[in-house]
Amino acid sequence: MKLHNIRLAAKLWLATGLIVLGLCGVTGYTAARSAADRLASAAALEGLSSKIKLSLQWAALTETNAARAQAVLLGDAGVQAGLKDASAATSAQLGDVQKAMEATQLTPADQAQMEKIAANRQAVLAAQASAMQLREQARLEAAATPIDPKAEAVPAKASLEALASAIQTQYLPAMAAQQKSQRDFVAMQEQAYEATRLAYAQRAKELIAIGVTGMLLLITSIVAGAAWLIRSIRQPLVQANALAASIAQGDLSLQIDSSRGDEFGDLMKSLAAMNQSLGRIVQQVRQSTDSIATASAEIASGNNDLAQRTE
């Protein structure tokens, strides 16, 4: 269907509908995406925040048990007995925290870092077991060495030196490596949190840009559509006015295009019908005038004839 065959009211309603549809489309898309991004960002940031808390708790509990283990290695049996229950409770908490961490959504990098932490933990346990063996050996050597009853029991010097060397060269470096790997894990979670926050902030900026671009395109379309609609109304009105002026000046020979199917087509058809009617009236008047002229000539001839006869 050609556009000039669409009724003017339909054109106006179509333009209004397109404007409303465009506004609903732009606002609906931006609102839906904004709501989806808010929900997704809240869920993602909440999950990462939980992972940060768990990783911090994991690192703190590990450092606490590391300090207790070092105190046990350097202390006597009374220290070991006094810290045994606390160390067991902390170990249980560590197990719970690790299980909670494993239940979260871990990335491949997180899993690789946790495997590294587990390997460092095994190295710490091996170094701790070796140091405990040296400590037990020193205790046994001290128990077998005759000492003054009034003096405190002191382990053999060589065993103490081996114990100190094992702590300095094996246990402490292994513990430092484990603590570093856990701090790196915490840093990874913090970096992931910040990266996710920045990513959703960038998505919000992109959404604003899309909304602004959509509104600009919509405004441009409205202006272009309004210009086309005004032209489609003004042009046939100018043509109709020119035709009416020509008919008013007596020019009835114009060819009027009445092929349009809208209100202006109806107007052109009415003008064409009026032009044809005026043409027929003029033709009838001309014929009547010719008849009157013929009759007048005949009357004049009869009068002359009568006058001559009378004379």
The number of residues in region 1-39 that are open to solvent by 40 Å² or more (accessible area, probe 1.4 Å) and either under 30 Å from Gln98 (Cβ atoms) or not in a helix (DSSP H, G or I) (or both) is 4
Going by the structure shown, is Ser288 in a helix (DSSP H, G or I) and over 30 Å from Lys51 (Cα atoms)? yes
I'm trying to understand the selection: among the residues of region 165-212, which are open to solvent by less than 70 Å² (accessible area, probe 1.4 Å) and among the polar types (S, T, N, Q)? Ser165, Gln178, Gln179, Ser181, Gln182, Gln189, Thr196
So, of the residues in region 22-58 that are closer than 18 Å to Gln191 by Cβ and of a type in the set (A, V, I, L, M, F, W, C), which turns out to be farthest from the chain's Cα centre (by Cα)? Trp58
Looking only at residues that are part of a helix (DSSP H, G or I) and touching a Ser or Thr at 6+ places or on another chain (Cβ under 7 Å) in region 229-285, which one is most open to solvent (accessible area, probe 1.4 Å)? Lys269
Quickly run through region 108-135 and pick out the residues that are of a type outside the set (A, V, I, L, M) and exposed (fewer than 15 other Cβ atoms within 10 Å of the Cβ). Pro108, Gln111, Glu115, Gln122, Gln133
If a residue must be more than 20 Å from Ala174 (Cβ to Cβ), open to solvent by 60 Å² or more (accessible area, probe 1.4 Å) and without any contact (Cβ under 8 Å) to a residue 60 or more places away in the chain, how many such residues does region 51-87 contain? 6
Residue check for Gln137: of a type outside the set (Asp, Glu), more than 25 Å from Val97 (Cβ to Cβ) and modelled with pLDDT of 70 or more: yes
Being of a type in the set (Asp, Glu), open to solvent by 40 Å² or more (accessible area, probe 1.4 Å) and without any contact (Cβ under 8 Å) to a residue 40 or more places away in the chain: is that true of Glu46 here? yes
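The values are calculated or read from the model by the stated rules, or taken from the named source; none is laboratory data. Predicted model only: the values in this text are computed from it and were never measured. FYI the Cβ positions are ideal-geometry reconstructions off the backbone, even for glycines, and counts take in every protein chain you see. We work out accessible area using only protein heavy atoms, side chains counted, and drop any ligands, DNA or RNA first. Shrake-Rupley method; radii C 1.70, N 1.55, O 1.52, S 1.80 Å.
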